[in-house]
Amino acid sequence: MPTVRADVVGEETQEVSLDADATYGDLLAELDFSPHEATVLVDDSPVPEDRRVDHDEVRILRLVKGGAVADGVSVRAATPEDHLDVMRILDGAMLDVDAATVRDRIGTGEVSVAILDDRVVGALVRDGDRVAAVATRKRRRGQGVGTALVSAAAADRDRLVAEFDPRVRPFYESLGFDIEPIAGSDRLSGRL
């Protein structure tokens, strides 16, 4: 029976004994978390719950209304003063989002920013219930910033949808999105 050391962010570290064929979803269940309330991070990256446990040390990020429990990260609506920071973050992630569109969406309350140490470290742009873009500063990836942004966006609506590249599928899976391929495209669609 393998033993996994699970560092629950903001709480205590726990040692968990698992069956040899256990998945990360099984690990969450042993810790009394559902996949909709916690995310497993391996090397600071989220992993899908159906992936077999292949590391003996992980971090567990608990999701709560308004965002993820991540040391010092808070989420708020973007202001016009945040526009340049938001664009730098989106551009740094190589996301194709028009600056005028972002400015308009800030005005309608559809842009959120993640703040750490009084600095914008992540941004999420919505178009109604659709996530148009989500990104974090490169140095902050895998630290719960994107999770906090998506969790905050989902907290006040009945559904949230996203279209994304397969490389970020584990991120959306870790948040509980139901994912399916988009016909005629190499992209994926997710619904929460």
*Mind listing whichever residues of region 32-50 are assigned to a loop (DSSP other than H, G, I, E, B) and in contact with a strand residue (DSSP E or B) (Cβ under 6 Å, 6 or more places away or on another chain)?*
E37, V47, D50
_Which numbered condition A155 misses (of (1) closer than 27 Å to V58 by Cβ; (2) free of Cβ contacts under 8 Å to residues at least 60 places away in the same chain; (3) of a type in the set (A, V, I, L, M))_ = (2)
*Looking at (1) in the same structural domain as S17 (by TED's automatic domain parsing); (2) at pLDDT 95 or above, find the lone condition where M87 falls short.*
(1)
*Just one of the numbered conditions (1) over 23 Å from A154 (Cα atoms); (2) assigned to a strand (DSSP E or B) is not true of R59; which one?*
(1)
*Might you check whether a residue that is in contact with a Gly (Cβ under 9 Å, 6 or more places away or on another chain) and closer than 29 Å to R159 by Cβ occurs anywhere in region 18-33?*
no
*Starting from residues that are within 18 Å of the chain's Cα centre (by Cα) and part of a loop (DSSP other than H, G, I, E, B), keep the ones in region 79-109 and report whichever is surrounded by the most Cβ atoms within 10 Å (Cβ to Cβ).*
A93
*asked:* Being at pLDDT below 85 and surrounded by 13 or more Cβ atoms within 10 Å (Cβ to Cβ) is the filter here; which residues of region 65-78 pass it?
replied: G66, G67, A68, V69, A70, V73
_Hits in region 37-60 - residues which are surrounded by 17 or more Cβ atoms within 10 Å (Cβ to Cβ) and under 12 Å from T147 (Cβ atoms)_ = A38, T39, V40, L41, P46, R59, I60
*Identify the residue in region 1-50 that is of a type in the set (S, T, Y) and free of Cβ contacts under 8 Å to residues at least 24 places away in the same chain and, among all such residues, is nearest to E173 (Cα to Cα).*
S34
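So in region 110-120, with the set limited to residues that are surrounded by 21 or more Cβ atoms within 10 Å (Cβ to Cβ) and aliphatic (A, V, I, L, M), which one is nearest to A162 (Cα to Cα)?
Out of the qualifying residues, it is V111.
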*What tally of residues in region 8-29 results from selecting those that are surrounded by 15 or more Cβ atoms within 10 Å (Cβ to Cβ) and not aliphatic (A, V, I, L, M)?*
4
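The values are calculated or read from the model by the stated rules, or taken from the named source; none is laboratory data. Only a predicted model underlies this, so the values are computations on that prediction, with no experimental measurement involved. Here Cβ is always computed from backbone atoms with ideal geometry, including for glycine, and neighbour counts include all displayed protein chains.
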